[in-house]
Amino acid sequence: MEFLVALASIMMVNIVLSGDNAVVIAMASRCLPPKQQKMAILWGSAGAIGLRVLLTLVAVVLLQIPYVQFVGGLLLIWIAAKLLMEDKGEDHIKAGTSLMAAIKTIIVADLVMSLDNTLAIAAVARGDYLLLISGLALSIPLIVFGSQIIIKIMDRFPVVVYAGAGLIAWTAGEMIMDDQKIGPVIHAVVPEWFVAAAITIGVLTAGLWWKRTHKTAVGSCAKEGNPAQ
């Protein structure tokens, strides 16, 4: 049961953080003929997936080093907050005018935009490579082939984005407490659950405040040609 819960968490994090990556795939191939669009999406996604898996495996190893988990936890807090406080417009993505150009754009853009995804998934996996690979294998095809559905769901039901941000924030607290050097020092003052809960509540509260003050839908994606953008 614990394995299944962690697996579901990895899939949730991957899907929520990859909404903008799905937009990249569509934007980069939008100027190609239909047949080449499919090829660009297939090969571009394959290359991006390969690099993402490699980066995630490296991240799992790095997170075993003292103090790295603490720093990684702080980065995850920022990632969770950014997920709630930014509109994910990708109008700056250059559309490829050839098949190879589109594939290159998809791979490079996805790689740059997947750094937060990589860290979050590595944190949830906690060094379990079977869990890590299973989560990526199940969620990545869903993102590639169901990208438009995922984007629409996140736009219509912002609670999905809040749930994902909350999960990432809780993981950040656990990662900080798991650090071999920093964790025991904090644990001597407060229990582990308190740190994770405080961070989660803080991130979600900040996200709600941002939404109200900026009057923007959390998790919405800018659409090309929208006059409001």
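The values are calculated or read from the model by the stated rules, or taken from the named source; none is laboratory data. Everything numeric here is computed off the predicted structure, so don't read it as measured data. FYI the Cβ positions are ideal-geometry reconstructions off the backbone, even for glycines, and counts take in every protein chain you see.
Every test in (1) over 28 Å from ALA48 (Cα atoms); (2) modelled with pLDDT of 80 or more; (3) loosely packed, with under 14 Cβ neighbours inside 10 Å is passed by ASP178 save one, and that test is (3).
Determine if segment 158-179 includes at least one residue that is out of contact with any helix residue (DSSP H, G or I) (no Cβ under 8 Å at 6 or more places or on another chain), without any contact (Cβ under 8 Å) to a residue 60 or more places away in the chain and within 19 Å of VAL124 (Cα to Cα). The answer is no, given that none of the residues of segment 158-179 is out of contact with any helix residue (DSSP H, G or I) (no Cβ under 8 Å at 6 or more places or on another chain), without any contact (Cβ under 8 Å) to a residue 60 or more places away in the chain and within 19 Å of VAL124 (Cα to Cα). Can you report the number of residues in segment 180-200 which are out of contact with any Gly (no Cβ under 9 Å at 6 or more places or on another chain) and charged (D, E, K, R)? Total meeting the criteria: 1.
Across segment 139-164, what is the total count of residues that are part of a helix (DSSP H, G or I) and modelled with pLDDT of 75 or more? Even if it seems obvious, please write down each step before you answer.
Let us first name the residues in segment 139-164 that are part of a helix (DSSP H, G or I), namely 139-145, 147-156, 159-164.
This time we only want the ones that are modelled with pLDDT of 75 or more, so: 153, 156, 159-164.
Within segment 139-164, residues that are part of a helix (DSSP H, G or I) and modelled with pLDDT of 75 or more number 8.
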